[in-house]
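Structure first, then comments.
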Amino acid sequence: MTEVNRRRFLQLAGGTAAFTALSESIAKAAAIPAGHRRGTIEDVEHVVVLMQENRSFDHYFGALRGVRGFGDPHPVTLDNGKSVWHQSDGTKDLLPFHPEADDLGMQFLEGLPHSWPDGHAAYNGGKYDKWVPAKGATTMAYLTREDIPFHYALADTFTVCDAYHCSFIGSTDPNRYYMWTGFTGNDGKGGGPVLGNDELGYDWTTYPERLEEAGISWKVYQDIGNGLDAAGSWGWIADAYRGNYGDNSLLYFNKYRNAEPGDPLHDKARTGTDARKGEGYFDRLRADVLGGTLPQVSWIAAPEAFSEHSNWPSNYGAWYISQVLEALTADPEVWARTALFITYDENDGFFDHLVPPLPPRSADHGRSTVDVGPDLFAGSATHVAGPYGLGPRVPMLVVSPWSKGGYVCSETLDHTSIIRFLERRFGVEEPNISPWRRAVCGDLTSAFDFSRKDSRPAGLPDTDAYEPADKDRHPDYRPTPPAHPRLPRQERGLRLARPLRYAPWIDGSADPGNGRFTLTFASGKKAGASFHVTSGNRTDGPWTYTTEAGKTVSDTWNSAYSNGAYDLTVHGPNGFLRVFRGPGRTAGPEVTARHAGDDIELTLTNGGARTTTLELTDGYGGRPRSFKVRPGATVRHTVDLRAGRRWYDLTVRSGADGSFLRRFAGHVENGRAGVSDPAIATV
């Protein structure tokens with residue numbers, strides 16, 4: 001940058017005085033109680049969305065206390081028998097590692113491949129075992145609280161979502177189309193489907209157009225760079241400290257491109273601050289807050305340097321986020337009625353260990369009670385066939401007066417969940433969101449507590465040190481993985497958890513006469529869910545199953561293809577786990593589990609010819625129990641879950657057959673807040 005631009009940045013940033021005042025202003029904002037009127041979502045009058053760039057959840061928050069990160073007690077097992085953490089480069093395994101650079105939060109970390117081909121290569125048909133060959137060794141790099149203390153403090157102060165996924169297995173634009181339109185043109189109309197950052201000009205309807213038609217006010221806050229037209233690359237320019245990095249993806253739609261001044265699509269999406277003239281990035285946002293003209297729905301697109309794209313420092317983004325918060329809290333009465341969503345468009349190429357929900361690509365790979373056609377790409381000459389998503393987890397921070405207290409929300413979510421929150425609040429439907437996404441993903445209301453109680457969170461740290469030192473681009477930092485990798489330690493301790501609607505169950509049923517074993521999947525009466533199934537003794541999986549709320553779906557495995565035995569593991573939302581192992585052609589016991597109040601009720605049956613002793617152990621404590629079950633008999637036992645705070649990890653084995661095992665793990669929901677999984681804190 002020129003010296004003139006350096007001085008301009010310091011002027012825009014507000015200098016040291018703005019940083020010094022930051023802690024006081026944010027602490028005051030965190031203490032502002034919600035503007036309670038009805039005690040419902042109707043109390044939210046303003047929704048603001050800041051979508052940053054290219055970070056995965058494990059990359060940022062895998063080490064954060066009380067979320068499903070590095071201490072996950074139930075990671076998926078790969079075909080080679082190792083956990084999903086062990087990603088091979090073809091000769092050796094790499095595990096998540098912390099780069100050795102000093103002041104990592106201020107490093108210009110190298111960017112990684114993040115397109116459709118390498119994304120699907122990493123997924124490998126759902127096996128999820130090719131991340132290093134597809135993305136490079138830096139895919140396993142992660143940051144800690146010491147590196148990004150502002151982000152961690154936001155999570156400790158408000159609500160972090162640890163099951164929020166990007167929508168698309170690939171790059172920026174398609175993910176932002178999901179956020180702004182509900183899909184990426186999946187129906188083949190209006191120029192779609194768009195699988196990369198093509199930006200050719202599209203014609204399907206965007207959600208802001210629907211808001212405009214319904215009379216709901218909206219706006220995009222951005223810097224215009226050299227102009228928001230094709231000559232200015234829609235705001236993406238060489239000067240990384242101006243413009244919008246091309247992240248206002250509405251400008252890739254023809255109606256916006258062709259709009260003239262006076263047209264709402266122009267005035268609300270193609271205007272903004274002009275840093276060339278000395279205008280501050282946040283001047284218009286702050287003026288609207290103070291002037292009582294903040295729209296009902298707003299989106300913010302940051303300049304490249306502050307977008308948190310991996311080859312720019314995370315803590316430049318921390319400074320930008322802090323300034324957004326300062327602008328939104330300039331009038332406490334406005335902040336008392338405002339919800340801010342801070343998320344990331346995609347994961348760049350950074351690894352995340354939680355295998356995303358995926359639609360079954362064929363009957364050989366799963367079942368669904370809802371149509372998955374709109375979520376499957378049939379393939380083309382340039383792109384392999386596969387699901388559009390969900391993509392890997394990315395961070396989502398819900399910052400508002402109704403989400404204070406340092407909670408975790410573990411409902412499955414994606415970028416369409418933002419639209420669905422707006423649907424719930426303003427009543428404007430988005431028909432582009434597919435039935436499968438609506439079944440699998442929530443609407444973000446679970447991250448809020450609209451009751452009249454008010455949490456008092458801790459204060460946030462200063463960001464004094466995050467002012468760019470020289471305002472220039474720097475060469476990428478390429479970290480070297482350690483010679484002797486090991487799984488990182490996650491911060492110990494629990495985190496308050498938002499209540500969810502899940503009540504899943506899965507039953508197994510053996511047919512020894514023909515060696516078949518059937519699983520029946522259900523997500524419960526109030527929420528749909530996706531289940532990921534792997535096998536410990538066959539390699540033709542994995543399989544994926546989706547059930548809408550209140551429905552079930554079943555599938556059958558033939559043990560003739562797995563050495564005469566079955567070995568199936570099922571992963572579901574919020575740490576849900578079921579394991580079914582046993583002989584394929586020998587009649588014997590079966591166990592089912594159901595939520596019963598705040599506890600779990602087990603039903604033990606014996607289909608064999610002899611009395612069987614079943615041994616029950618509880619991973620959260622308590623003495624082992626034994627049950628003698630006669631042929632044809634049924635025994636019921638209720639497990640008290642107070643010791644595990646409604647979390648359970650129960651294993652049942654048979655004294656007569658060492659191959660028999662049933663394992664049940666998860667959380668019992670009762671409509672009240674709880675705590676994060678205590679097992680995470682002990683790994």
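The values are calculated or read from the model by the stated rules, or taken from the named source; none is laboratory data. It should be emphasised that the depicted structure is a prediction, and the values quoted were computed from it without experimental measurement. Here the Cβ positions follow ideal geometry from the backbone for every residue, glycine too, while neighbour counts run over all protein chains shown. Ligands, DNA and RNA are excluded from the accessible area calculation, which covers all protein heavy atoms including side chains. Shrake-Rupley method; radii C 1.70, N 1.55, O 1.52, S 1.80 Å.
Only one residue in 621, 658, 674 is open to solvent by 60 Å² or more (accessible area, probe 1.4 Å) and at pLDDT below 95, so which one is that?
Working: 621 fails: open to solvent by 60 Å² or more (accessible area, probe 1.4 Å); 674 fails: open to solvent by 60 Å² or more (accessible area, probe 1.4 Å).
Result of the check over 621, 658, 674: 658.
Quick check on this structure: which one of 284, 276 is charged (D, E, K, R) and under 31 Å from the mean Cα position of the chain (by Cα)?
Going through 284, 276 in turn, just one is charged (D, E, K, R) and under 31 Å from the mean Cα position of the chain (by Cα): 284.
Counting only residues that are open to solvent by 40 Å² or more (accessible area, probe 1.4 Å) and either touching a helix residue (DSSP H, G or I) at 6+ places or on another chain (Cβ under 8 Å) or assigned to a strand (DSSP E or B) (or both), the stretch 556-595 holds 5 of them. Could you please find all residues in the stretch 372-399 being part of a loop (DSSP other than H, G, I, E, B) and touching a Phe, Trp or Tyr at 6+ places or on another chain (Cβ under 7 Å)? Once the filter is applied, which keeps residues that are part of a loop (DSSP other than H, G, I, E, B) and touching a Phe, Trp or Tyr at 6+ places or on another chain (Cβ under 7 Å), the stretch 372-399 yields 372, 383, 385, 388, 389, 391, 394, 395. Per the conditions (1) farther than 19 Å from residue 500 by Cα; (2) outside any strand (DSSP E or B); (3) open to solvent by 60 Å² or more (accessible area, probe 1.4 Å), the sole criterion not satisfied by residue 525 is (1). Of everything in the stretch 36-89 that is open to solvent by 10 Å² or more (accessible area, probe 1.4 Å) and β-branched (Val, Ile, Thr), the residue that is nearest to the chain's Cα centre (by Cα) is 76.
If I filter the stretch 137-152 down to residues being open to solvent by less than 10 Å² (accessible area, probe 1.4 Å) and at pLDDT below 95, which single residue comes out as nearest to residue 416 (Cα to Cα)?
Let us first name the residues in the stretch 137-152 that are open to solvent by less than 10 Å² (accessible area, probe 1.4 Å), namely 138-141, 143, 148, 150-152.
Subsequent filtering for residues that are at pLDDT below 95 retains 148, 150-152.
On the way: 148: 27, 150: 26, 151: 23, 152: 25 Å.
That would be 151.
Hey, any hits in the stretch 375-385 for a residue that's open to solvent by 10 Å² or more (accessible area, probe 1.4 Å) and either under 16 Å from the mean Cα position of the chain (by Cα) or of a type in the set (Asp, Glu) (or both)?
Just the residues of the stretch 375-385 that are open to solvent by 10 Å² or more (accessible area, probe 1.4 Å), to begin with: 376-385.
Then keep just the ones that are either under 16 Å from the mean Cα position of the chain (by Cα) or of a type in the set (Asp, Glu) (or both); that gives none.
Looking for residues that are open to solvent by 10 Å² or more (accessible area, probe 1.4 Å) and either under 16 Å from the mean Cα position of the chain (by Cα) or of a type in the set (Asp, Glu) (or both), one finds none in the stretch 375-385, hence no.
On the stretch given as the stretch 528-555, residues that are polar (S, T, N, Q), under 19 Å from residue 355 (Cβ atoms) and either open to solvent by 10 Å² or more (accessible area, probe 1.4 Å) or in a loop (DSSP other than H, G, I, E, B) (or both) total 5.
For (1) in contact with a Pro (Cβ under 7 Å, 6 or more places away or on another chain); (2) β-branched (Val, Ile, Thr); (3) at negative phi, each residue gets a yes or a no:
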| position | (1), (2), (3) |
| --- | --- |
| 304 | no, no, yes |
| 319 | no, no, yes |
| 330 | no, no, yes |
| 334 | no, yes, yes |
| 342 | no, yes, yes |
| 350 | no, no, yes |
| 392 | yes, no, yes |
| 404 | yes, no, yes |
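The one condition from (1) in a loop (DSSP other than H, G, I, E, B); (2) of a type in the set (A, V, I, L, M, F, W, C); (3) in contact with a strand residue (DSSP E or B) (Cβ under 8 Å, 6 or more places away or on another chain) that residue 200 does not meet is (3).
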